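The values are calculated or read from the model by the stated rules, or taken from the named source; none is laboratory data. Here the structure is a predicted model, which means the values were calculated and not measured. Every residue, glycine among them, receives a Cβ derived from its backbone with ideal geometry; neighbour counts consider all protein chains shown. These area figures cover heavy atoms from the full protein model, side chains too; ligands, DNA and RNA do not enter into them. Shrake-Rupley method; radii C 1.70, N 1.55, O 1.52, S 1.80 Å.
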Amino acid sequence: MNTKVKENYDIAEIMGTLYGAGTIGLKGAFSREWTAQLGEDILRLYEEALKRPGGAIGRGPKRHYVEIHPEDIRGFVDLVTHPWFQTVCESILGPDYKIVEIGFDVPNPGAVNQPWHRDFPSPEDTYKGRRINSLAFNLTTVDVDPDMGPFEIAPGTQWDDGSGFEHLMFPARELYSRYEELAERKMPKMGDISARSALTMHRGTANNSTKARPTLVLGVDAPTANNHERHDLQVTKKFYETLPTPLKKHLMCRLVDELEVIEQAHDIELLKMGEA
């Protein structure tokens, strides 16, 4: 179902862009039909999560994050075996990269500007070693319009000293003007995929439309990272047996007989209220 498969992606461009701007994308990586199927799966999972206590974590007014299981979506293997995904992971994180998280973010109509933030504190690998040791991949299930609360990112800020940030993640408002000057609003279409350092300063903007903007999130670590501690990636033994052998080594997961409800640990407290 992939519509743009090219075996020889430019590693120098990938590394230069992620170490420079902190974000990179590939347009048309998947077909619109494949993406529409993903959207159906996410809508079903979202409805289920909203009915379950703690199933959907607030990331601001009218905005939720839901962590899921790989086998909850029909296109998981397509996604993580796409040559661009694999090349980006290997180029930045090394050949032993680990997939540690899958979930989705839904900014609904009425969602407000989030505060500028990182997804977690900068690790020693980055603030001392100047190495990126984790990536977040995003894939929208809808065509994003300017009024739908586009994702906004401030290129190059993955290297900012966050030692003075609140919780080492949230800069003071006096610093916002710099991020706003740097800010790029992303308006991907169905089938586009992006990768970023989750340390690059970013925020979801206000959704003034009548449409939700669901986005799949995939977290990947280098061997030196510990983001798996915030997540609980589970795979049933039956599903695991169906996976391509080369993929199995890249899953940092628990093998279970039956999937268990995820107790979400990556609860970013200061995002719950968002920005007034």
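Data overview
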{"quantity": "Members of the stretch 215-266 that are of a type in the set (S, T, N, Q) and either modelled with pLDDT of 95 or more or open to solvent by 60 Å² or more (accessible area, probe 1.4 Å) (or both)", "calculated": "T215, T224, N226, Q234, T236, T242, T245"}
{"quantity": "Residue under evaluation D125, criteria (1) within 20 Å of T157 (Cβ to Cβ); (2) in a loop (DSSP other than H, G, I, E, B), criterion not met", "calculated": "(2)"}
{"quantity": "Complete set of residues in the stretch 94-107 that are in contact (Cβ under 8 Å) with a residue 60 or more places away in the chain and either within 17 Å of the chain's Cα centre (by Cα) or open to solvent by 40 Å² or more (accessible area, probe 1.4 Å) (or both)", "calculated": "D96, Y97, K98, I99, V100, E101, I102, G103, F104, D105, V106, P107"}
{"quantity": "Matching residues, the stretch 137-196, being open to solvent by 40 Å² or more (accessible area, probe 1.4 Å), of a type in the set (S, T, Y) and under 28 Å from D125 (Cβ atoms)", "calculated": "S163"}
{"quantity": "Index of the failed condition, M15 passing every other in (1) surrounded by 16 or more Cβ atoms within 10 Å (Cβ to Cβ); (2) modelled with pLDDT of 95 or more", "calculated": "(1)"}
{"quantity": "I68 being of a type outside the set (G, A, S) and more than 25 Å from C253 (Cα to Cα)", "calculated": "no"}
{"quantity": "Selection from the stretch 43-78 of residues that are at pLDDT 95 or above, of a type in the set (A, V, I, L, M, F, W, C) and out of contact with any Leu (no Cβ under 7 Å at 6 or more places or on another chain)", "calculated": "L43, L45, F76"}
{"quantity": "Cross-chain or 6+ apart pairs with Cβ under 8 Å, the stretch 152-165 first and under 18 Å from A136 (Cβ atoms), then in a helix (DSSP H, G or I) and open to solvent by less than 20 Å² (accessible area, probe 1.4 Å)", "calculated": "A154/Y179; T157/Y179; Q158/T126; W159/T126"}
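Listed here are the residues, each with its yes/no results for (1) under 30 Å from E258 (Cβ atoms); (2) surrounded by 20 or more Cβ atoms within 10 Å (Cβ to Cβ).
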position: E33; (1), (2): no, no
position: Q37; (1), (2): yes, no
position: E48; (1), (2): yes, no
position: G55; (1), (2): yes, no
position: G58; (1), (2): yes, no
position: I73; (1), (2): yes, yes
position: P83; (1), (2): no, no
position: I92; (1), (2): no, yes
